[in-house]
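Worksheet: the structure to be examined is printed underneath.
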Amino acid sequence: MRYLFFILFIYSTVANSSPLEPFSKGIQFYNSKNYAQAKETFLELNEQYPNNSHLLYNLALTEYRLGEVGRAIAHLRRALSLEPTLVAGEEALKHIQKNIGNQRLPYQTSFQESLRSNILIYLSFSSILLFLLIFFLGTGWIFLNYVTKRTENLKLGKTPPRPSLSLLIFGLGFLLSLSLLFFKHQDFKSPRATVVTSGVSAMSGPGEDYGALFDLFEGAGVIVQQLKGDWAQVTYPGGGTGWVKTNTLIHTSGKNLW
C-alpha cells in the first residue's frame, strides 16, 4: 500500500479552510523526510483548524513515519469521525493496525459496538438525515395516494386496494433511518479516545495508589465515562472499566470532555 506514505494533495480543500502556504511547507518537509518539522507545521495548523480532516490525515502519516503509532491511529480516527468518506484515511488506518499486530483485550462485542464498527462510523449525521427525509417524503406520498384510492373505491362500492409493496419498503426504510439516527446520536454522546502511549495500566481508581486492573495497548480505542482531575475513567468496548491519565489519551470522536 504505497500510497499510505504519500502526503494527501488536496490543496483546494485545505485552501478553503486553512492557509495554503504553511500546508505547502508541511508537504515539503514531509517529502524531504524532515518528519519532525513536518509534524510541527501540521500541529500548528491543526491548532487553528482542529476539524480539518485532511490536515489530521497528513499529521497522522507524519507521526507514523516518526514511529508514533498511537498518535497516528488517534488522528486517523479523528479524521474519519469528521469525514467518514475519507477513503485514504480508512485504508491508512487499516494498514497501520495490520502492521502493529493483533493486540486486543478479551471482550464480547455488543450489538451497539457491532453496529458502530460496521455501519455508523461510515455514515455522517447529514447522510442519515438525507435518507430519513427521502424515506419520509416517499412514505408520505405513497400513503396519501393509497388513502385517496381507497376512499374513491369505497365511495364507488369497490373493493379497497391493498397497501402496495413500495409503501412497505419506504416505511421500513423510514424506520431504519430513524433507528440509525438514534444510534448515531447515542454514539456521539459517548466520548471516545485512543491510547497514545504504550504500557498504560487501567487503575481501579483515579490515582497511582489504586490497583491495576488491566493494561491497554498503544492505539486501543476506549470510551470515556468521566473525568476526575487529570484522570479519566475509560471503558474498553465490551470489556473492563478503569482509570488512566488523560495525557495518555487523544480525543477522537463524540463530545470532548477535556
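Observations on the structure shown:
- Test: residue in the stretch 138-148 that is within 18 Å of residue 168 (Cβ to Cβ), under 30 Å from the mean Cα position of the chain (by Cα) and in contact (Cβ under 8 Å) with a residue 24 or more places away in the chain: yes
- Test: residue 110 is at pLDDT below 95 and either surrounded by 15 or more Cβ atoms within 10 Å (Cβ to Cβ) or basic (Lys, Arg) (or both): no
- Flag if residue 58 is surrounded by fewer than 22 Cβ atoms within 10 Å (Cβ to Cβ), under 20 Å from the mean Cα position of the chain (by Cα) and part of a helix (DSSP H, G or I): no
- Filtered by the rule that a residue be surrounded by 15 or more Cβ atoms within 10 Å (Cβ to Cβ) and farther than 30 Å from residue 237 by Cα, the stretch 149-176 gives 150, 167, 170, 171.
- Among the residues making up the stretch 202-252, those that are at pLDDT 90 or above and among the hydroxyl-bearing types (Ser, Thr, Tyr) are 204, 210, 235, 241, 246, 248, 252.
- Candidates 125, 135: the one that is touching a Gly at 6+ places or on another chain (Cβ under 7 Å) and at negative phi is 135.
The values are calculated or read from the model by the stated rules, or taken from the named source; none is laboratory data. Keep in mind that this is a model prediction, so the values were computed, not measured. Using ideal geometry, Cβ is built from the backbone for each residue, glycine included, and neighbour counts are taken over all protein chains shown.
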